[in-house]
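The values are calculated or read from the model by the stated rules, or taken from the named source; none is laboratory data. Note that the structure is predicted; figures quoted are calculated from it, not measured. Neighbour counts run over all protein chains shown; Cβ positions are idealised from the backbone, glycine included.
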Amino acid sequence: MKRFEGKKCIIRSYGAGVFFGTLEKVEDNNCVVLSDVRRIHFWDGAASLSQLATEGVKRPHNCRFSVVVPSCAVTGVLEIIPCSDEAIRNIMSVPVWKQ
């Protein structure tokens, strides 16, 4: 998991959901620290997190991605998927979902 440090990744956790951000540090086998983080509540136009990490989404205006927070720690990490440059550009361009 440490080989992904410094890269933009999709993080899937057990209880907190899905996140997109730069993996700063792997604290242990199931806790990571991220920077420039968006929580991904809902995505449209990708069949899986694998497709999201490689291609991004096809319908960005239907997605619910949070505001960017400077940093956070995520526990209960189940999956870390590094993102392609195409996916990074796409995910970062999804409008902020807020009320």
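Restricting the search to the range 41-82, which residues are touching a helix residue (DSSP H, G or I) at 6+ places or on another chain (Cβ under 8 Å) and of a type in the set (Val, Ile, Thr)?
Listed by number, the residues that qualify are THR54, VAL57, ILE80, ILE81.
I'm trying to understand the selection: among the residues of the range 26-51, which are at pLDDT 95 or above and in contact with a strand residue (DSSP E or B) (Cβ under 6 Å, 6 or more places away or on another chain)?
VAL32, VAL33, LEU34, SER35, ASP36, VAL37, ARG38, ARG39, ILE40, HIS41, PHE42, LEU49, listed by residue number.
Here's the yes/no breakdown for (1) over 15 Å from MET1 (Cα atoms); (2) more than 12 Å from the chain's Cα centre (by Cα); (3) polar (S, T, N, Q):
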position: LYS25; (1), (2), (3): no, yes, no
position: GLY45; (1), (2), (3): yes, yes, no
position: VAL68; (1), (2), (3): yes, no, no
position: ILE81; (1), (2), (3): no, no, no
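Just one of the numbered conditions (1) in contact (Cβ under 8 Å) with a residue 12 or more places away in the chain; (2) closer than 23 Å to MET1 by Cα is not true of ASP85; which one?
(1)
Just one of (1) under 14 Å from MET92 (Cβ atoms); (2) touching a residue at least 40 places away in the same chain (Cβ under 8 Å) trips up VAL37, so point out which.
All conditions pass for VAL37, except number (2).
Are any residues in the range 1-40 of a type outside the set (Lys, Arg) and touching a Pro at 6+ places or on another chain (Cβ under 6 Å), and if so, which ones?
If the condition is that a residue be of a type outside the set (Lys, Arg) and touching a Pro at 6+ places or on another chain (Cβ under 6 Å), then PHE4, CYS9 are the ones that fit.
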